[in-house]
Amino acid sequence: MNLTGPPFGGELAALLAALLWAVATILFKRIGKRVPPLEMNMAKGIIASALLLITMAARGTLLSPFDTRAALLLAISGGIGIGLGDTFYFMSLRNLGSRKTLLLGVLAPPLAGLIALAFLGEILSPIAWLGILLAVLGVIWVISERENGEAQPKGHHKLGILFGALAALCQGSGAVISHQAMIGSDIDVFRSALLRLLAGLVITLIWLMLRRRPVGGWVRASDARRLWMTLIGVTFIGTFITLVLQQVSLRYTSAGVAQTLLATSPLFILPIAILRGQYVSPRAWLGVLLALAGITLLFIR
């Protein structure tokens, strides 16, 4: 994997991606009150793919050759991590809220470590296992706390946790496969992001077809124009830019460092919550820090 680049370029890209994803999660939560998760994932995929195609055409790289093996791995990664993972993530947002859904995403790096152990034979040290334990305990500690003003029934809370855990599993799996695709390949970060998005779109479309339910009701709403404009804006921030930054971080720093920094979104969501006038308990702060400490231990080599 190519690790040459600007000093700390990969690390800064990962941190910026984590910040943008925290902001986007709040906005996706608002849109999710009107737009079903599958349809929101489909719409954001179409918008982000169009933005990437325009970018690649402007850069003159749209028809450039690429590594077939890497492209196949990236497509599989996108189908799992974006097609399935993002849909489960939006389902969790609808049932659980932005703060706790983001926190469940902290499980993705530890799960990625376990998946790499099972399928790639990567040996985890005792410190890494301690990191997994701390991360899981931190998440459990926070999601078991009832937020002020929370009115979701227990069944919805449990569903949100289930969907959030499934999202973390899919995203962790996608990260491992994407990392494998980037090793030994110089595939363009915009192309890699596009391949993942297109594969995610295919999976989302198949899922929608299998459900056999009417779709697009929100498109005919009186405020559809405002919904579309909001969705385009949040997709530009939370999918187009964030996905490219993720690919940059995977290219210019180690996978462990990238995954650890990409998992810091919960730290950004808490100051944002305070700015929005929400109360953040000491328990929430300590739980996030405990989970992130676990992730850091997991990727210390």
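Quick notes
- Within the range 277-301, residues that are within 13 Å of Leu130 (Cβ to Cβ) sit with their Cβ atoms under 8 Å from residues that are among the aromatic types (Phe, Trp, Tyr) and at pLDDT below 85, at 6+ positions apart or across chains, in these pairs: Leu290/Trp141.
- The single condition among (1) over 28 Å from Ile140 (Cβ atoms); (2) within 14 Å of the chain's Cα centre (by Cα) that Pro36 does not meet is (2).
- Flag for Leu117 being assigned to a helix (DSSP H, G or I) and either farther than 11 Å from Gly287 by Cα or at pLDDT 85 or above (or both): yes
- Residue satisfying condition, being buried (at least 21 other Cβ atoms within 10 Å of the Cβ) and not charged (D, E, K, R), within set Ala57, Ala50, Ala22, Ala71: Ala22
- Complete set of residues in the range 174-193 that are in a helix (DSSP H, G or I), within 20 Å of Ser64 (Cβ to Cβ) and of a type in the set (A, V, I, L, M, F, W, C): Ala181, Met182, Val189, Phe190, Ala193
- The condition of being assigned to a helix (DSSP H, G or I) and either over 20 Å from the mean Cα position of the chain (by Cα) or without any contact (Cβ under 8 Å) to a residue 12 or more places away in the chain (or both) holds for only one of Ala75, Ala57, that being Ala57.
The values are calculated or read from the model by the stated rules, or taken from the named source; none is laboratory data. Computed from a prediction, not measured in an experiment: that's the story for all the values here. Neighbour counts run over all protein chains shown; Cβ positions are idealised from the backbone, glycine included.
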